[in-house]
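Q: This structure is in structure tokens; I'll ask about it shortly.
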């Protein structure tokens, strides 16, 4: 290669050389900073949206409380934080996490009850759920804003790259949570309610008994098998305490199989409302309930079967779509098939409707 | 697509009567919940069988 020709030096003009060299030097020195500015403008737009969602959910909650609203108290609730137990010594950490999370839930419930003494349990559960959504949105805003400002302050482009990569997922979740407010306010079943919906339908006409906090169970027969049906107590928004319920039922009864019905996140490209069967404890959340159920089942050598309904993040927390609602009968049939295929007449099976039971009676 | 199409979401409540089998669909009103009972014109009880939303383009 003729380097003189390449750099425009063949005609001996230093000006031509500058045209080449200066931009290269400029981009070498300032390229990252330019990228930081370009990325910053996208992130700034997303942060503005997150701020709008966070403020909007707070305003919606205050609007829902109407004359009872106490903005100071609500803002204090929104700023509550939870310090998770240390995992330096992970053995025995699950009960500690469960204790911390439940303490927080119980405290919030007690505080809300004392602040809004005129609200019944159903309305209190709704307010608590709306508060949780508003807290999550505020936390998302604060974390993203913190990462952005840190990267900007230190003019550190590599710091902003992971944020830029994660932002579409964070925004999807924030948009879904923001859309969930109206469903929970009105007590409409959401996509995640499909598990309680299927089990709740089976529980109709049966005697419902308390199994654990905000959780009910009933006993019925199917094809010679005894069925123990468990779900969170609806129609208030709650996921119940299925882990405690399973432990309680297993301590008193001989169970031969556990079937869990839950909504699960679909992969991109998969159809919504598709139903799949598998093995293992189908339950989300922070993992403590899952741990409890797995522990109780493995100690007694009980197989755990899962029936999942695939949904997107948005479908899971916003009002149930017709496609999902229409699958309830099919899922019920699959539960019965699973029972017939895996148990003999005379045996017992526990069916758990996992998910938020907002708007779903039993 | 530069502009997003505007959509409206309507939530429906579907009731079915256990006796006459009549199915009726109405817009969701506050207080509706799945498996709650209501009166059917046949004199028996209808039950809320489904609550779901439909999203359609705004006209």
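Q: With angles folded into 0 to 90 degrees, how steeply does helix A:194-203 sit against the dominant principal axis of chain A? Use alpha carbons for both and round to 10.
A: For helix A:194-203, the angle is close to 0 degrees.
Q: For helix A:14-65, what angle does its Cα long axis make with the longest principal axis of chain A, in degrees from 0 to 90 and rounded to 10?
A: Compared with the principal axis, the helix lies near 30 degrees.
Q: What's the exposure ranking of A:3, A:20, going from fewest to most Cβ atoms within 10 Å?
A: In order of increasing Cβ crowding within 10 Å: A:3, A:20.
Q: Within 10 Å of each Cβ of B:4-14, how many other protein chain Cβ atoms are there on average?
A: Average per residue, whole number: 2.
Q: Compute the whole-percent fraction of alpha carbon pairs in chain B spaced more than 14 Å apart.
A: 58 percent
Q: Next question. Sorting A:213, A:27, B:35, A:305 on the 10 Å Cβ count, fewest up front, what's the list? Spell out each step's value before the answer.
A: Details: A:213 15, A:27 11, B:35 18, A:305 23.
Placing the least packed residue first, the sequence is A:27, A:213, B:35, A:305.
Q: Here's a follow-up. How much mean residue ellipticity at 222 nm does chain A get from its helices, if each DSSP H run of length 4 or more adds -39500 (n - 2.57) and you divide by all residues, to the nearest 500 deg cm²/dmol? Each step should come with its number before you reach the end.
A: On the way: 12 runs with 207 residues, N = 362.
My calculation for chain A gives -19000 deg cm²/dmol from helical runs alone.
Q: Assuming a viscosity of 0.890 mPa s and a temperature of 25 °C, what translational diffusion coefficient in µm² per second does Stokes-Einstein assign to the range A:14-91, Rh being the Kirkwood radius over Cα pairs?
A: The calculation lands on 136 µm²/s.
Q: Right, next: Run the numbers for residue A:67 and residue A:91: contour at 0.36 nm per residue of separation, minus the present Cα-Cα distance, in nm.
A: 3.8 nm
Q: Which of A:238, A:114 has the fewest other C-beta atoms within 10 Å, and how do the rest follow up to the most?
A: A:114, A:238
Q: Could you grab the Rg to Rh ratio for the range A:293-356? Cα atoms only, Kirkwood for Rh.
A: Using only Cα positions, Rg/Rh for the range A:293-356 is 1.04.
Q: Regarding the range A:170-298, what are the three Cα extents along the principal axes, ordered largest first, in Å?
A: Cα spread of the range A:170-298 along its principal axes, largest to smallest: 46, 30, 28 Å.
Q: Computed over the Cα atoms of the range A:97-252, what is the ratio Rg over Rh, Rh following Kirkwood?
A: 1.10
Q: While we're on this one: Can you give the mean number of other chain Cβ atoms that lie within 10 Å of the Cβ atoms in peptide A:318-325?
A: If you average over the peptide's residues, the count of other-chain Cβ atoms is 5.
Q: Compute the distance from the alpha-carbon center of the range A:294-310 to that of the range A:325-344, in whole Å.
A: Centre-to-centre distance over Cα atoms comes out at 16 Å.
Q: For the range A:109-267, what's the relative contact order in percent, using C-alpha pairs closer than 8 Å and at least 6 residues apart?
A: That works out to 20 percent.
Q: If you average over every viewing direction, what projected area does the convex hull of the Cα atoms of the range A:51-91 give, in nm²? Let's see the in-between values first.
A: Working: hull surface 18.2 nm².
Across all orientations, the range A:51-91 yields a mean hull projection of 4.6 nm².
Q: Another one. Using a 10 Å cut-off on Cβ atoms, rank the peptides A:274-282, B:19-27, A:178-186 from the highest mean neighbour count down.
A: A:178-186, A:274-282, B:19-27
Q: In whole angstrom, note down how far apart the Cα centers of the range A:180-216 and the range A:123-153 are.
A: 27 Å
Q: How far is the Cα center of the range A:221-251 from the Cα center of the range B:1-48, in Å?
A: What the calculation gives is 27 Å, centre to centre.
Q: Go ahead and set up a Gaussian network model of chain A, Cα springs under 10 Å, then flag whichever of A:24, A:308, A:97 fluctuates most.
A: Of the options given, A:24 has the highest mean-square fluctuation.
Q: Taking a quarter of the surface of the convex hull around the Cα atoms of the range A:254-312, what do you get in nm²?
A: Its average projected convex-hull area is 4.2 nm².
Q: If I model the range A:250-362 as equal point scatterers sitting on the Cα atoms and use the Debye formula, what is log10 I(q)/I(0) at q = 0.10, 0.16 Å⁻¹?
A: Cα-only, vacuum Debye calculation for the range A:250-362: -0.31, -0.79.
Q: Quick one: Debye curve from the alpha-carbon atoms of the protein assembly as shown only, equal weights, vacuum; give me log10 I(q)/I(0) at q = 0.08, 0.11, 0.14 Å⁻¹ to two decimals.
A: -0.54, -0.92, -1.38
Q: What residue among A:52, A:231, A:310 has the largest mean-square fluctuation in a Gaussian network model of chain A, using Cα springs under 10 Å?
A: Answer for the Gaussian network model of chain A: A:52.
Q: Give the angle, between 0 and 90 degrees and rounded to the nearest 10, that separates the Cα long axis of helix A:288-299 from the longest principal axis of the Cα atoms of chain A.
A: The angle comes out at about 50 degrees.
No lab work stands behind these numbers, since they all come straight from the coordinates. Being a predicted model, the structure only gives us computed values, none of them experimental. So basically every Cβ, Gly included, is an ideal-geometry build from the backbone, and we count neighbours across all protein chains shown.
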